[in-house]
1. When Met63 is evaluated against the numbered criteria (1) at pLDDT 95 or above; (2) farther than 21 Å from Glu21 by Cα, which criterion, by number, is the only one it fails?
2. Select, from Glu135, Glu34, the only residue that is among the acidic types (Asp, Glu) and not assigned by TED's automatic domain parsing to the domain that holds Thr16.
3. Looking only at region 73-112, count every residue that is over 30 Å from Val41 (Cβ atoms), among the hydroxyl-bearing types (Ser, Thr, Tyr) and modelled with pLDDT of 95 or more and tell me the total.
4. For region 74-131, how many residues meet the condition of being assigned to a loop (DSSP other than H, G, I, E, B) and not acidic (Asp, Glu)?
5. If you scan region 26-60, which residues turn out to be modelled with pLDDT of 95 or more, of a type in the set (D, E, K, R) and within 20 Å of Ala89 (Cβ to Cβ)?
6. Out of all the residues in region 11-23, which are of a type outside the set (A, V, I, L, M), surrounded by 13 or more Cβ atoms within 10 Å (Cβ to Cβ) and at pLDDT below 95?
7. Among Phe68, Phe112, which is farther than 28 Å from Ile26 by Cβ and of a type in the set (Phe, Trp, Tyr)?
8. Tell me the residue from Thr58, Thr44, Thr40 that is in contact with a helix residue (DSSP H, G or I) (Cβ under 8 Å, 6 or more places away or on another chain), free of Cβ contacts under 8 Å to residues at least 12 places away in the same chain and more than 30 Å from Thr107 (Cβ to Cβ), please.
Amino acid sequence: MAKPKKINGSNSEISTVELTEAEWDIMKVVWEKEPCAAGTVQETLTLSRNRAYSTVKTTMDRMVNKGFLEIERIRNLQLFKSCISEVDARRGEFRKMLKRAFDGALTPMMQFLIEHEGLSKEEASQLRKLVKMAETKKTNRK
């Protein structure tokens, strides 16, 4: 089974996961209902998007080959479980966007968000708290 690619992060080796739109839809259902059958995923996705069972099952089988899902077989039933966490998936998506739009630099991205997307007073307050937490963490590591 293929495992998700690894890249060297600034402090440690971090697993990178890049999911397609369809894979994201499937993973959200699997994270919520695992272990689950492909039919369960397809039924859940039908509420928001009309996807055929065969399409969902084929995509899930490919995700097994990529190392994103694993299959647990109970007689003739196949139950799917995630091999990647939601955090790793989000991290991969974030890193891909950061690299494409900001050459991998976090500060220009934050500056862009503040200048062009605007922050509510509450969001600005939350951001200040996060910065203080990050500073405290960094000070405690020394």
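The values are calculated or read from the model by the stated rules, or taken from the named source; none is laboratory data. Here the structure is a predicted model, which is why all the values come from computation and not from measurement. Note that we place each Cβ from the backbone using ideal geometry, even for glycine, and neighbour counts take in every protein chain shown.
1. (2)
2. Within the list Glu135, Glu34, the selection yields Glu135.
3. 0
4. 10
5. Lys28, Glu32, Lys33, Glu34
6. Correct list: Ser15, Thr16, Glu18.
7. None of the other options fit; the residue is Phe112.
8. Going through Thr58, Thr44, Thr40 in turn, just one is in contact with a helix residue (DSSP H, G or I) (Cβ under 8 Å, 6 or more places away or on another chain), free of Cβ contacts under 8 Å to residues at least 12 places away in the same chain and more than 30 Å from Thr107 (Cβ to Cβ): Thr40.
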